[in-house]
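The values are calculated or read from the model by the stated rules, or taken from the named source; none is laboratory data. Just so we're clear, the structure is a prediction, and the values are computed from it rather than from any experiment. Counting neighbours? That spans all protein chains shown, and the Cβs are built from the backbone with ideal geometry, glycine included. The area values use the complete protein model at the heavy-atom level, side chains included, leaving out ligands, DNA and RNA. Shrake-Rupley method; radii C 1.70, N 1.55, O 1.52, S 1.80 Å.
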Amino acid sequence: MSNFKIYGVPLSRAYRTLWMANELGLDYENVPIHFADGSAKTPEYLAVNPNGRIPAIDDDGFKLWESMAINLYLAKKHDSDLLPKTMEDEAQAIQWSFWAITEVEKPALAVLLHRFFLPEDQRDSKLADEGEQQLQKPLAVLNQRLATTGYLVGPTFTVADLNVASVLSWARMGRVDLAGFPHVEQWLAGCLKRPAAVKARPKTMAK
Ligand SMILES: N[C@@H](CCC(=O)N[C@@H](CS)C(=O)NCC(=O)O)C(=O)O
């Protein structure tokens, strides 16, 4: 049994953590806490994450929650190439991670829920379309960035790419039209087919 635990089923934001752990080649135990079956609200789990949400980790007694913070911590702890090395580049990785959560996640979730995740009779196409509309501005910002650099920080894949691509995977599952954002389309496809990302994917959705 590993002394590094990742709490959360792959069909959740825990996918982000699992992807990172796979990139780093870490030995981990994936504890299948689910967001919808009450297991995230037990006293035992609330002692790990008092918010009752997934993901969270227990790294040899050190408990941490919030998916972006977990990935930044893991990249830094393992002194990986996934963490940009200068202070400025590291700050940019943090910037893009915050940006994914504040500018992209909410509309991407609306699209995911109302085109993919919810049972058909609970979907509202208006909410999905509004989500896609709200994504246009951040997608343009991302497209412009990728046009000049290929990746978000410097010339190689880093935690910034992982964090942003994992959030944008929802937009892809929700069939957001990326044709107007060719750099995003190419970059996202490349990120999501990395072996570590494929390994992290929920088995029911593997394709
Ligand atoms: N900002 C948090 C959000 C975590 C979150 O909302 N996770 C969902 C599953 S993807 C959850 O646990 N939902 C259960 C609930 O809100 O009660 C993060 O990025 O880790």
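Just one of (1) near the ligand (Cβ under 10 Å from one of its atoms); (2) touching a residue at least 12 places away in the same chain (Cβ under 8 Å) fails for LYS41. It is (2).
Report the residue count in segment 14-39 for those that are surrounded by fewer than 21 Cβ atoms within 10 Å (Cβ to Cβ) and in a loop (DSSP other than H, G, I, E, B). Talk me through it step by step, then tell me what you get.
Here is the first cut: in segment 14-39, the ones surrounded by fewer than 21 Cβ atoms within 10 Å (Cβ to Cβ) are 22, 24-32, 34-39.
When the remaining residues are screened for being in a loop (DSSP other than H, G, I, E, B), the result is 25-28, 32, 34-38.
Number satisfying all stated conditions: 10.
Among the criteria (1) in a helix (DSSP H, G or I); (2) over 18 Å from the mean Cα position of the chain (by Cα), the one GLY154 does not fulfil is (1). Against the list (1) under 20 Å from PRO155 (Cα atoms); (2) touching a residue at least 60 places away in the same chain (Cβ under 8 Å); (3) part of a helix (DSSP H, G or I), the condition LEU83 fails is (3). Residues in segment 44-55 that are closer than 23 Å to LYS77 by Cβ, within 8 Å of the ligand (Cβ to nearest atom) and not charged (D, E, K, R): ASN51, ILE54, PRO55. Of all residues in segment 74-99, those satisfying the criterion of being out of contact with any strand residue (DSSP E or B) (no Cβ under 9 Å at 6 or more places or on another chain) and open to solvent by 60 Å² or more (accessible area, probe 1.4 Å) are LYS76, HIS78, ASP79, ASP81, LYS85, THR86, MET87, GLU88, ILE94, GLN95, PHE98. Every test in (1) in contact (Cβ under 8 Å) with a residue 60 or more places away in the chain; (2) touching an Asp or Glu at 6+ places or on another chain (Cβ under 9 Å) is passed by VAL164 save one, and that test is (2).
Being open to solvent by less than 40 Å² (accessible area, probe 1.4 Å), acidic (Asp, Glu) and within 30 Å of LEU127 (Cα to Cα) is a property that GLU105 has.
Of all residues in segment 56-99, those that are of a type in the set (Phe, Trp, Tyr) and away from the ligand (no atom under 13 Å from the Cβ) total 3. Each residue in segment 40-73 was checked for being in contact with a helix residue (DSSP H, G or I) (Cβ under 7 Å, 6 or more places away or on another chain) and surrounded by fewer than 19 Cβ atoms within 10 Å (Cβ to Cβ), and 2 of them qualify. Entry remark, segment 117-140: residues being in a helix (DSSP H, G or I), open to solvent by 40 Å² or more (accessible area, probe 1.4 Å) and closer than 27 Å to LEU18 by Cα number 1 in total.
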